[in-house]
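Take a look at the structure set out below.
The values are calculated or read from the model by the stated rules, or taken from the named source; none is laboratory data. Not measured: the values here are computed from a predicted model. Ideal geometry is used to build each Cβ from the backbone, glycine not excepted, and the neighbour counts take in all protein chains shown. Side chains are part of the model used for accessible areas, which takes the heavy atoms of the whole protein and leaves out ligands, DNA and RNA. Shrake-Rupley method; radii C 1.70, N 1.55, O 1.52, S 1.80 Å.
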Amino acid sequence: MDDIAERAAKALDNAENWPDDPKEAVARQRLLADRVRTEPLDPDSVRYVAGLDVSYGVGDRELAAAAVVLDARTLEVVDTSLIADTPSFPYISGLFGFRELPPVLRAIEGLSVSPDVFVSDGFGLAHPRRFGVASHLGVLIDAPVIGSAKSVLYGRNSMPGEERGSWKPMVAGRSELVEDTEPLAAQGAEVIGRVLRTRARTRPVYVSVGHRVDLAGSADLILRLSPKYRIPEPIRHADRLCGQYRKEHAADG
DNA sequence: GCGACAG
DNA sequence: ATCTTGTCGC
């Protein structure tokens, strides 16, 4: 896990990355947002995918972060990393990274298999400042990251067809459900993500570019990673792992 | 000023 | 995110 672990450690050590004031955090986002890059992502070339997630305990005093690496072909788990920590930044919508990335970076440091791409439970460019947690993570470790969220934070969106694989673009603007975003995208509106149906007749997920990936490739990969359930397998595994860990440590040790 | 608001 | 049993649907 050479390079990535090293960059994660460096990002954690840099105090500039971890302001304790929301105002400074927003300024930090604006500064780092310029470093976000979109690059082609060929799903066929992806071998290892890492899913990331965090779960919280009671009283906002404890949390667990997990990173689980899957073989993109077989969807078999090939590596896991889990850490327990304490939140050091409050939950503020739009400022996720400052709360969740410290433990997530530590979990990433614990991996022995180097992922080709990471999947984060949140947004990338589909964010008011185009800097959701997926972009934040991507910039800190300069690695490919895809954002896959379960609900909308920002952007006009539409519901795709009921069948698996259907999708609609998300375009810049206040969070709002409209009849059809396709005409808006065709007319040149800024496309910031995709509403993707990963399972028939089930609520869609919201995919956006985090860093060093492109939207079409990201949506394609997310669909492949969700052959049966709504939530992509890497994130489901990470969710399970940190969720059960926290429960086991809520009653005793 | 008011409402919205990822996990 | 978390607190929580049964229940409707594929």
* Asked: Somewhere in region A:13-24, is a residue aliphatic (A, V, I, L, M) and in contact (Cβ under 8 Å) with a residue 60 or more places away in the chain?
  -> no
* Single match in A:195, A:178, A:209, A:205 (criterion: within 14 Å of DNA strand C (Cβ to nearest atom), of a type outside the set (Gly, Ala, Ser) and open to solvent by less than 40 Å² (accessible area, probe 1.4 Å)) -> A:205
* Output the number of residues of region A:219-253 satisfying the condition of being touching a Lys or Arg at 6+ places or on another chain (Cβ under 8 Å) and of a type outside the set (A, V, I, L, M). => 4
* Filter region A:139-154 for residues that are within 21 Å of residue A:170 (Cα to Cα) and either open to solvent by 10 Å² or more (accessible area, probe 1.4 Å) or away from DNA strand C (no atom under 16 Å from the Cβ) (or both) and give the result. => A:144, A:145, A:146, A:150, A:151, A:152, A:153, A:154
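Quick check: is even one residue across region A:230-240 of a type in the set (Gly, Ala, Ser) and either open to solvent by 10 Å² or more (accessible area, probe 1.4 Å) or touching a Gly at 6+ places or on another chain (Cβ under 8 Å) (or both)?
Yes, region A:230-240 contains a residue that is of a type in the set (Gly, Ala, Ser) and either open to solvent by 10 Å² or more (accessible area, probe 1.4 Å) or touching a Gly at 6+ places or on another chain (Cβ under 8 Å) (or both).
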* Structure fact -> Residue set A:117, A:104; condition crowded, with 24+ Cβ neighbours inside 10 Å and either more than 16 Å from residue A:51 (Cα to Cα) or within 15 Å of DNA strand C (Cβ to nearest atom) (or both); output residue A:104
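Would it be correct to say that residue A:125 is over 11 Å from the mean Cα position of the chain (by Cα), more than 7 Å from DNA strand B (Cβ to nearest atom) and crowded, with 24+ Cβ neighbours inside 10 Å?
No: the conditions fail for residue A:125.
For region A:55-72: of the residues being more than 15 Å from residue A:89 (Cβ to Cβ) and within 8 Å of DNA strand C (Cβ to nearest atom), which is modelled with the lowest pLDDT?
Here the answer is A:58.
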* Can you find a residue in region A:216-226 that is surrounded by fewer than 20 Cβ atoms within 10 Å (Cβ to Cβ), among the hydroxyl-bearing types (Ser, Thr, Tyr) and not in a helix (DSSP H, G or I)? -> no
* Taking the stated definitions as given, is residue A:88 within 13 Å of residue A:18 (Cβ to Cβ), among the polar types (S, T, N, Q), more than 16 Å from the chain's Cα centre (by Cα) and more than 13 Å from DNA strand C (Cβ to nearest atom)? -> yes
* Keeping to region A:46-94, report how many residues are part of a loop (DSSP other than H, G, I, E, B) and either open to solvent by 50 Å² or more (accessible area, probe 1.4 Å) or within 12 Å of DNA strand B (Cβ to nearest atom) (or both). => 16
